[in-house]
1. Consider only pairs whose beta carbons are under 8 Å apart and that are at least six residues apart or on different chains; among these, list those whose first residue lies in the range 65-77 and is assigned to a helix (DSSP H, G or I) and whose second residue is of a type outside the set (A, V, I, L, M, F, W, C) and loosely packed, with under 13 Cβ neighbours inside 10 Å.
2. Of the conditions (1) among the hydroxyl-bearing types (Ser, Thr, Tyr); (2) surrounded by 14 or more Cβ atoms within 10 Å (Cβ to Cβ); (3) part of a helix (DSSP H, G or I), Ser59 fails just one. Which one is it?
3. Could you give every pair whose Cβ atoms fall below 6 Å, whose first residue belongs to the range 81-103 and is under 20 Å from Gly11 (Cα atoms), and whose second residue is surrounded by 12 or more Cβ atoms within 10 Å (Cβ to Cβ) and among the basic types (Lys, Arg), counting only separations of at least 6 or pairs across chains?
4. Kindly establish whether Leu46 is hydrophobic (A, V, I, L, M, F, W, C) and loosely packed, with under 13 Cβ neighbours inside 10 Å.
5. Which one of Ala55, Ala74, Ala70 is more than 27 Å from Ala35 (Cβ to Cβ) and more than 14 Å from the chain's Cα centre (by Cα)?
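Values quoted throughout were computed directly from the atomic coordinates according to the rules given, and no laboratory measurement underlies them. Keep in mind that what you see is a predicted model, and the values were worked out from it rather than measured. Ideal geometry is used to build each Cβ from the backbone, glycine not excepted, and the neighbour counts take in all protein chains shown.
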Amino acid sequence: MTKVSVLYPNGEGKTFDMDYYLNTHIPLVEKLLGAELKGATVEKGLGGATPGSPAPFASMGNMYFESPKAFGNAFGPHAQTIMGDLPNFTNIEPVIQVSEVLA
């Protein structure tokens, strides 16, 4: 299984509209990626390791695919549309990581 994580680093002056992300962006991504997308989760940052410290990430989105190739096949044709929607909910440039799920 392949996991694609989209992490939105937190920081001063950074904005993130969770309502838009959950109700508009995620459904758009799910529709465009279709059956290749095996599952998805969304996380909202609450805090850091030290009590009371800010979360390092405002949000994290995780998508699951059978393989890196399946991800590429699903995402590639829609990359411009998906990435073009980002300014509608954030001014944060996301960090993207593709991982192999081992456990």
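1. Ala74/Gly34
2. (3)
3. Hits for this filter: Ile92/Lys14.
4. Details: hydrophobic (A, V, I, L, M, F, W, C): yes; loosely packed, with under 13 Cβ neighbours inside 10 Å: yes.
So Leu46 fits the description; yes.
5. Working: Ala74 fails: more than 27 Å from Ala35 (Cβ to Cβ); Ala70 fails: more than 27 Å from Ala35 (Cβ to Cβ).
Going through Ala55, Ala74, Ala70 in turn, the sole match is Ala55.
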